[in-house]
1. Please tell me the relative contact order of the chain in percent, rounded to the nearest whole number, where contacts are Cα pairs under 8 Å and at least six residues apart.
2. Distance between the C-alpha centers of the range 1-35 and the range 60-79? Whole Å please.
3. In whole Å, what is the distance between the alpha-carbon centres of the range 271-294 and the range 388-403?
4. Using amide H atoms built 1.01 Å from N in the peptide plane, name the residues 5+ places from residue 92, or on other chains, whose amide H lies under 5 Å from its own.
5. Hey, any idea what the orientation-averaged projected area of the convex hull of the range 368-445's Cα atoms comes to, in nm²?
6. What value in Å³ per residue do you get for the convex hull of the alpha-carbon atoms in the range 265-385?
7. Residue 103: which lysines have alpha carbons under 28 Å from its alpha carbon, excluding same-chain residues fewer than 8 sequence positions away?
8. What shape does the range 1-106 take by its C-alpha gyration tensor, where a ≥ b ≥ c are the square roots of the eigenvalues and a/c under 1.5 counts as rounded, a/b above b/c as prolate, and the rest as oblate?
Amino acid sequence: MNIEKYLLDLEYKNPGEPEFLQSLREFLMSTREYLSDDFRLENAAILERLSEPDRVFMFKVPWTNDQGKVVVNRGYRVQYNNALGPYKGGLRFHPMLNLGTVKMLAFEQLFKNSLTSLPMGAAMGGADFDPKGKTEGEIMRFCQSFMLELWDLIGADVDVPGIDLGVGTREIGYLFGMYKKLTRRYSGVFTGKGLEWGGSLIRPEAAGYGIIYFLEALLNNRQEALQGKTITVSGFGNVAWGVISKAVELGAKVITISGPDGYIYDPDGITGEKINYLLEMRATHNDIVRPYSFEFPGTQFVEGKKPWERACDIAIPCAIQNELNAGDARQLVANGCRIVVEGANMPCTPEAQELMETHALTFIPGKAANAGGVAVSGLELAQNTVKLNWTRDEVDARLKEIMTGIYHLCVKHGKQPNGQIDFVKGANVAAFLRVVEAMMDQGVV
Ligand code: 2IT
């Protein structure tokens, strides 16, 4: 198959969806040798089948705000592939969310979920709802209206939504409440639930902890330690919080966080009560980081800039897709950064990745590094199935084992002739092989 020509077809077929095309391109490029060599895969049109979601739902979500005015949002659920298990993936509430972004996230989820080795297919959904400045009542009414459309599309053995940007345990609570009322069923149909009603310990921390466990495995393999390393982080949400908590516990120093308004530089490192303050800032729903600099003297707010201008050993972008561009990557290289780990989904642009490769930075793609979030969602479902709650240590140990496993899978499938590891290729190939075996076993469906 001619991949460049195929990509042109995909562009024609998916107009206005540059992010989805970006993730398809990366995947096709890093698995091309498997695809072109294997007649079996070519004949089964595996590529074409993987470039098309199983189905896409798009629906109207009308709700009434506190002033009594009706507001209309758009909801999405993309059920991408269920070869490995029931559809599984987050819900995102973000004002800029569109179909192309949801398809990209669902496609990335396929690889991520495959790497966890747990029985989870891939999906993603959400709405262009902006939680910023909304009251508790407005958020509840929005979630309830959203669920009126979604309830009969999901189910514990069908499709299991989880948390993502703008959707946490509170939103899952309102969604689950409405689901339960409409179906009269109490089941593990969501993850990210509250601890009292089926949630798992470590779920909120999971993506962040997992990223650091992956990084630890990488450094250990190089006879290096996290201890004493300086890390820059972007974002200040769930993933950033988990990353900072675990990195600090293991002796690293994290000197930045960021928001849409700019970034915070904390030369002493973000520790202790400052880490807890991140949760407080997030709970205000103003989506700005500036208050951190008022709260903690000796720290600096840099308006309208990104943290990548600060010197660091390791950079971990934890905010949003395509937040780190070639110019940012150039700054990281100039300031001595050696490793970039994607905490968010696809935060580095293809040009940034290319630049890092040219300068021999180690680049870890999000689908490998941040798989810990959905992995603990898988563990949450396992606990729901056996109707038991595992201890913190038990969940944490399993998470660590899964992340170390993903690291080794990437090494195995990403080893280059020169001995270097291409983690993008490793993650894509390892994940792909598992999905493909399942698809081949299950026939043309
Ligand atoms: O990006 C992700 O892996 C998630 N938002 C987690 C999805 C989930 O179902 O836990």
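What follows is calculated from the coordinates using simple rules that are stated; it is not laboratory data. As the structure is a prediction and not an experimental result, all values here were calculated from the model. Cβ: placed from backbone, ideal geometry, glycine included. Neighbour counts: every protein chain shown.
1. 15 percent.
2. About 33 Å separates the Cα centre of the range 1-35 from the one of the range 60-79.
3. After rounding, the separation between the Cα centres reads 28 Å.
4. Those qualifying (amide H under 5 Å, at least 5 residues apart or on another chain) are 125, 126, 127.
5. 7.0
6. With only Cα atoms used, the range 265-385 gives 136 Å³ per residue.
7. Within reach: 5, 13, 60, 88, 112, 132, 134, 180, 193, 306, 367, 425.
8. Because a/c hits 1.5 or more and a/b exceeds b/c, the range 1-106 counts as prolate.
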